[in-house]
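Working notes, structure below.
The values are calculated or read from the model by the stated rules, or taken from the named source; none is laboratory data. Predicted model, so just to flag it, every value in this text is computed and none were measured. Please note: Cβ atoms are built from the backbone with ideal geometry, for glycine as well, and neighbour counts cover all protein chains shown.
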Amino acid sequence: MDLEARKRELLEQGCCVVPNVLTAAETERVRERLWAAAETSEQLGVPTRQIGLDPNEHNVRVFYLLERDAIFRELIQHPTAIEFVTTLLSPDFLISNFTANIALPGSKSMELHSDQGIVVPEPWFHPWSINIIWCLNDVDEENGATRYVPGSHRLRWASELPPDAREKSVPFKASAGSFVVMDGRLWHTSGANVSQSRERALLFGYYSRSFIRQQQNWNASLSPETIEALSPQLRAWLGMEARANVKLAQRLRIHPVATHTKLTS
Ligand SMILES: O=C(O)CCC(=O)C(=O)O
C-alpha cells in the first residue's frame, strides 16, 4: 500500500482510509475484547448507553479503553497509526483519549461537530488534533459509517459551516481491520445504522498537540497497576512525565527551577 499517497490525501482532503492494518483474526480479537470491556464498564458502574451523546440506546459507548485491556494500549501506539499522527501534528503530540462507539441496528445520528472544536476555541488555523478510527467491522452507509462534510477541515469558524452541512455529509467506507484517519477539524457525525443485524464497532484514538489539555487526565483515570506497566514511551505520549509544558522556557533558556528559586527566595 502506498502510505505516502494516503498521507497526501489526509493533508488535502482532511481524511483517508488505511486498509488492512489488522488481520481478520486480530480484528476479531480486538472486537471480542471491546465487548468484554463494555461488560466490565457496566459492572463497574460506568454507563455505556444513553450517556447524552446519542439520540437513543442503540449506541454502546466504551470509555477507559487503555485501562480495560493491554490490547488497546498496543493499538493506541501502533506504528502505522503514529506515522499518520506525526504527519499531521508533528512528533509534538499527546494521546488525548481512546474510546469506542458501537452503533447497533436502530442507532441514529448524533450532532454534527469537529473534534478539534471540542478541545480548542475557534478560530482553527491549524490541524491540532487527529482521530485514528479503528474499524472492527466492515463499515458503510447502511450500518452507520461516520459521515463527514468534505472540505470542512478548512473552516476556521463554526459560522462558516453551510446550513445544509448535514445533507452534504458523506459516509466513510472501510473494511474491517482498516483505520480511518480524520483531521480534528473535519466536521462529522455518526451515521444511522439502518441495517437489520449488522454491528458497527469503531474505536476512536484521539491525539492532540502537546499544548492542548487532554480529554483524559491519565494520572487520575489509570490504575496504579496499569501505570506501572506503561513503557517510558507510552508514559510520555500520555503526558505522564513530571515535566509538562515548559518548551518556551527551554527556548528562552530560563530554567524553570531557577525561576522558581528566584521568585521565592
Ligand atoms: O461514531 C461515530 O461515527 C462518530 C462518533 C463521534 O464523532 C463522537 O463520539 O464524537
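The single condition among (1) without any contact (Cβ under 8 Å) to a residue 24 or more places away in the chain; (2) exposed (fewer than 14 other Cβ atoms within 10 Å of the Cβ); (3) at negative phi that residue 52 does not meet is (3). Of all residues in the stretch 105-133, those that are within 12 Å of the ligand (Cβ to nearest atom), in a loop (DSSP other than H, G, I, E, B) and surrounded by fewer than 23 Cβ atoms within 10 Å (Cβ to Cβ) total 5. Exactly one residue among 234, 186 is assigned to a loop (DSSP other than H, G, I, E, B) and in contact (Cβ under 8 Å) with a residue 24 or more places away in the chain, and that residue is 186.
Just to check your reading of the model, which residue among 202, 136 is crowded, with 17+ Cβ neighbours inside 10 Å, within 18 Å of residue 15 (Cα to Cα) and either within 14 Å of the ligand (Cβ to nearest atom) or not polar (S, T, N, Q) (or both)? So that I can check it myself, show each step before the final result.
On the way: 136 fails: within 18 Å of residue 15 (Cα to Cα).
Checking each option against the conditions leaves just 202.
What about residue 84, is it closer than 20 Å to residue 179 by Cβ and without any contact (Cβ under 8 Å) to a residue 60 or more places away in the chain? No, not satisfied.
I'd like the full set of residues that are in a loop (DSSP other than H, G, I, E, B) and not hydroxyl-bearing (Ser, Thr, Tyr), limited to the stretch 85-104.
So the first thing to find is which residues in the stretch 85-104 are in a loop (DSSP other than H, G, I, E, B), and the list is 90-92, 104.
Across the stretch 85-104, the qualifying residues are 91, 92, 104.
Do we find a residue being in the same structural domain as residue 9 (by TED's automatic domain parsing), in contact (Cβ under 8 Å) with a residue 24 or more places away in the chain, among the β-branched types (Val, Ile, Thr) and in a loop (DSSP other than H, G, I, E, B) anywhere in the stretch 64-75? Reasoning before the result, please.
Just the residues of the stretch 64-75 that are in the same structural domain as residue 9 (by TED's automatic domain parsing), to begin with: 64-75.
If we keep only those that are in contact (Cβ under 8 Å) with a residue 24 or more places away in the chain as well, we get 64-73, 75.
This time we only want the ones that are among the β-branched types (Val, Ile, Thr), so: 71.
Cutting the leftovers down to in a loop (DSSP other than H, G, I, E, B) gives us none.
No, every residue in the stretch 64-75 fails to be in the same structural domain as residue 9 (by TED's automatic domain parsing), in contact (Cβ under 8 Å) with a residue 24 or more places away in the chain, among the β-branched types (Val, Ile, Thr) and in a loop (DSSP other than H, G, I, E, B).
A single member of 151, 177 is more than 14 Å from the ligand (Cβ to nearest atom), modelled with pLDDT of 95 or more and either more than 18 Å from the chain's Cα centre (by Cα) or hydrophobic (A, V, I, L, M, F, W, C) (or both), and it is 151. Filtered by the rule that a residue be closer than 12 Å to residue 179 by Cβ, of a type in the set (S, T, N, Q) and not in a loop (DSSP other than H, G, I, E, B), the stretch 1-41 gives a lone residue, 27. Each residue in the stretch 154-174 was checked for being more than 16 Å from the ligand (Cβ to nearest atom) and either modelled with pLDDT under 95 or of a type in the set (Lys, Arg) (or both), and 3 of them qualify.
Within this structure, residue 115 passes the test of being touching a Gly at 6+ places or on another chain (Cβ under 6 Å) and of a type in the set (D, E, K, R).
Given the condition in the same structural domain as residue 143 (by TED's automatic domain parsing), within 14 Å of the ligand (Cβ to nearest atom) and among the charged types (D, E, K, R), answer yes or no: does some residue in the stretch 10-19 qualify? Checking the stretch 10-19: not a single residue is in the same structural domain as residue 143 (by TED's automatic domain parsing), within 14 Å of the ligand (Cβ to nearest atom) and among the charged types (D, E, K, R).
Please go through the stretch 111-153 and give me each residue that is among the charged types (D, E, K, R) and closer than 23 Å to residue 51 by Cα, ordered by number.
111, 115, 147
Take the residues in the stretch 139-148 that are closer than 19 Å to residue 113 by Cα and not in a loop (DSSP other than H, G, I, E, B), then tell me which one is nearest to the ligand (Cβ to nearest atom). Please lay out each step first, then the result.
Within the stretch 139-148, the subset closer than 19 Å to residue 113 by Cα is 141, 144-148.
Next, only the ones that are not in a loop (DSSP other than H, G, I, E, B) stay: 147-148.
Values: 147: 8, 148: 9 Å.
So, considering only residues that are closer than 19 Å to residue 113 by Cα and not in a loop (DSSP other than H, G, I, E, B), the one nearest to the ligand (Cβ to nearest atom) is 147.
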